[in-house]
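Read through the structure below, which is laid out as structure tokens, and then see the notes.
Readers should treat all values here as calculations from the given coordinates under stated rules, not as data from a laboratory. The shown structure was predicted, so the numbers you read here are calculated from the model rather than taken from an experiment. For neighbour counting, all protein chains shown are included, and Cβ atoms are generated from backbone atoms with ideal geometry for every residue, glycine included.
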């Protein structure tokens, strides 16, 4: 006999822009732009561009079924399965704490293994916490030395290379030399199944 269940999770990434003068701009939860949603929806449904655009424009008045922007990657879940199989020796799921960001604008996809265009800053190890029994939270602040439009973020298993767990593309956060962004990632896993 075989019994199947689905693991249900939700993830979120939020940001606070910290200007060089110390002023803070709350961005809240980061979400994709209208056109990023459109491109992802067309890619997920494999339709010809014209037909997909027409369906999307009509469907934009309503919620689009089957479109997910919480993108835990294929390599991320494979890494988690390997951790179960290794008995926690190597790899370990606790490695997913390194935040990175970039300027890529193509919608994130589950097959992603890296950021599209890294910003060139060093990855930052987030401060991990367990605010509730079923929640993993990681907070990291990335500093900038140039003017950039930050449009993507990722959580990795190592400070260089490593495995990409979650990848997000969102509306631009414009930064200048001396600015920083505090990213807060939260993964909530529900008990039970369906």
Sorted by Cβ density within 10 Å, fewest first, the residues 137, 6, 97: 6, 137, 97
Residue 21 paired with residue 117, simple spin-label distance in nm, labels 7 Å along Cα-to-beta-carbon: 2.9
Cα centroid separation - region 76-95 against region 148-194, whole Å: 20
Inter-label distance for residue 174 and residue 160, nm, one decimal - labels placed 7 Å from Cα along Cα-to-Cβ: 3.4
